[in-house]
Amino acid sequence: MRRGGTRLVALACGLVLGAAVLLGASGCDSYDRFRTGPERTFRGAVLGEGEGSFIRRGFAAGTTLELSFDPSAIGRPEVGTITTLAPDGAVLFDATPLESIAPLSHDLLSELTFPGAGRLETFLLLAHPTSGALAGREVMVFLSLLDTGEIEIRVIAGTGDEARGDVFGVFRLSAVTP
């Protein structure tokens, strides 16, 4: 009986391990729908219309953001790029690389979530624009993968004081073909 019990435990451990591998693999595959390439990108406008929007600082109403992104690159130095275009032609980000923050993979902050349903995962990234009004500044970018297949991006530079050139903006992006 003891020998049979050992086999049963080994079988149960094998099943649990197999299930974990399958769940892990399916989780990675589900993020493939967020990958961009030559025939697909993500684009959307900043939220908050009108003058004095509390959610939009430093971005003109109607500013769009375009994202290239590879979810499998999270943890590598560069995971994608962002480009913005305001209605007046101003560009704050011009194919600016999105950079992973290596120590986050070992910190609880990497498990950051926002309240509400629908977020699969949120990544905290950095951008360092080399031209435009934000040139030379370090910008925080929160990139959330949504279960709808959309991506939500929050861009934060400074405290949101527009007089100092700070920005705060939330963009809801959908997949488009360029």
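Observations
- Local electrostatic count at G169 - Lys and Arg +1, Asp and Glu -1, tallied over other residues with Cβ under 13 Å: 0
- Relative contact order (%) - criterion: Cα under 8 Å, at least six apart; region: region 36-176: 25 percent
- Counting only DSSP beta bridges whose two residues both lie in region 50-178, roughly 95 percent are antiparallel.
- The modelled label-to-label distance between H128 and D88, using points 7 Å beyond Cα along the C-beta direction, is 2.9 nm.
- Net lengthening on full extension, M140/L108 (0.36 nm per residue, minus Cα-Cα): 9.8 nm
- Calculated over region 36-176, the projected area of the Cα convex hull averaged across directions stands at 8.8 nm².
- Every Cα-Cα pair of region 44-100 was included, and the share exceeding 18 Å stands at 42 percent.
Every number in this text was worked out from the coordinates using simple rules, so none of it is lab data. Being a predicted model, the structure only gives us computed values, none of them experimental. Cβ sites come from the backbone with ideal geometry, for glycine too, and all protein chains shown count toward neighbours.
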